[in-house]
Amino acid sequence: MAGAVQDEMARLNALPDTVNKEQLLFGINQGAVFEDIRIAHAKTISAMDLDGYAVGGLAVGETHEEMYRILDETVPYLPKEKPTYLMGVGTPANILEGVARGVDFFDCVYPTRNGRHGHVYTNHGKMNLFNQKYELDHRPIEEGCQCPACRSYSRAYIRHLLKAKEMLGMRLCVLHNLYFYNTMMEEIRDAIEAHRYEDYKAEKLEGMARGEN
């Protein structure tokens, strides 16, 4: 079975009209919130020696606690030398906890979808720029942030754009969120390389738990 799947992938990559001829084949672990099913499936796909492995089905209504429990039980049965991908996740806290459990990369609509609704992520938690308290707040979304929104616009002005349904307001929020997520991932890599990830995670979570300023 494993060989047949990989042979078919190689055939598809070799087709003359294939745009990306170096596509990778990942095995996706499933099993809802049942540890025994997850572990059995992780063992099965691990034996296929694929390019990487994903954990799916944990962003469709499960609680964060259930997600972390399944990651704790499942990831140890996936090959450590191959990349591990957590599908559809998540908040900054989800990413920090996922990395601590052996996850290498993620994908999620949160930074863009929430940005379009005026929700922005910062090192002191998530802010809703529709809140009236930002009406006359001339600070950037986050002091010290170098994203295009924070370098040139205030919370008050972005709120005005959002309230006026101007597309620029949503775009600025999305730009800030993407910058925040990318910066956090750089910090995560640096912390891992410096062998201080647990300290970094604790500091980051503590700061975000303090709430808006």
- Per the filter on segment 6-31, residues touching a residue at least 12 places away in the same chain (Cβ under 8 Å) and either surrounded by fewer than 13 Cβ atoms within 10 Å (Cβ to Cβ) or of a type in the set (S, T, N, Q) (or both) are Gln6, Gln23, Leu24, Asn29, Gln30
- Query: Got a sec? Which helices (runs of 4 or more DSSP H) wholly within segment 1-115 have at least 3 residues that are within 30 Å of Arg155 (Cα to Cα) and not aliphatic (A, V, I, L, M)?
  - Reply: 92-100
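Every residue, every condition in (1) crowded, with 17+ Cβ neighbours inside 10 Å; (2) closer than 22 Å to Val33 by Cα; (3) among the aromatic types (Phe, Trp, Tyr); (4) modelled with pLDDT of 95 or more, yes or no:
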site	(1), (2), (3), (4)
Tyr77	yes, yes, yes, yes
Val99	yes, yes, no, yes
Cys108	yes, yes, no, no
Thr112	no, no, no, yes
His117	no, no, no, yes
Met127	yes, no, no, yes
Gln132	no, no, no, yes
- Message: Within segment 156-164, does at least one residue satisfy the condition of being surrounded by fewer than 17 Cβ atoms within 10 Å (Cβ to Cβ), outside any helix (DSSP H, G or I) and not aliphatic (A, V, I, L, M)?
- Response: no
- Could you tell me whether any residue of segment 189-196 is within 19 Å of Ala100 (Cα to Cα) and either buried (at least 18 other Cβ atoms within 10 Å of the Cβ) or touching a strand residue (DSSP E or B) at 6+ places or on another chain (Cβ under 8 Å) (or both)? yes
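The values are calculated or read from the model by the stated rules, or taken from the named source; none is laboratory data. The model shown is predicted, which means the values in this text are computed figures rather than measured ones. With ideal geometry, Cβ positions are generated from the backbone for all residues, glycine too; neighbour counts draw on all protein chains shown.
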